[in-house]
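To keep things clear, I will list the structure first and then write my remarks on it.
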């Protein structure tokens, strides 16, 4: 299996990932009013910045999501599908970096939203107990 190499890989990955989110009863309602075709280029831009060192991403990701009223359960499902989709499609250093970054992102978002630390490692399959 190959690693994440380019923006086409990221687009394919994000479409597969969001396909799972949209079928889940916990996460699907958070995307009801989202124009996904408009959103996918933003996702590709963000992950290209994070993983491929593409310049130009300046959006405050937290501010763009604060209105969604996300809770721990949303992040747990989001992380579960993120890891599953990544592992289904890719293997390598960039895929591993993506999983590390998304765990940090979820932890940071949750802390900013609730003021508390949440250990999401179980949702990522890192602490299966």
**Study point:** Single condition residue 12 does not satisfy, out of (1) part of a helix (DSSP H, G or I); (2) in contact with a helix residue (DSSP H, G or I) (Cβ under 8 Å, 6 or more places away or on another chain); (3) modelled with pLDDT under 95
**Key:** (3)
Exercise for review: Of all residues in the stretch 14-49, count the ones that are under 24 Å from residue 71 (Cα atoms) and in contact (Cβ under 8 Å) with a residue 40 or more places away in the chain.
Suggested key: 9
Check your understanding: Within the group 104, 89, which residue is under 23 Å from residue 49 (Cα atoms) and either exposed (fewer than 13 other Cβ atoms within 10 Å of the Cβ) or in contact with a strand residue (DSSP E or B) (Cβ under 8 Å, 6 or more places away or on another chain) (or both)?
Key -> 104
Review point. If you take the residues of the stretch 39-51 that are loosely packed, with under 15 Cβ neighbours inside 10 Å and either farther than 23 Å from residue 74 by Cβ or modelled with pLDDT of 90 or more (or both), which of them is nearest to the chain's Cα centre (by Cα)?
Key: 42
Exercise for review: Of the conditions (1) modelled with pLDDT under 90; (2) in contact with a helix residue (DSSP H, G or I) (Cβ under 6 Å, 6 or more places away or on another chain), residue 102 clears all except one; give me its number.
Suggested key: (1)
Exercise for review: Inspect all residues belonging to the stretch 108-124 and state whether any of them is surrounded by 13 or more Cβ atoms within 10 Å (Cβ to Cβ), closer than 15 Å to residue 20 by Cβ and modelled with pLDDT of 90 or more.
Suggested key: no
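The values are calculated or read from the model by the stated rules, or taken from the named source; none is laboratory data. Because the structure is a prediction, the values reported are computed rather than measured. When we count neighbours, we look across all protein chains shown, and the Cβ atoms used for this are built from the backbone with ideal geometry, even at glycine.
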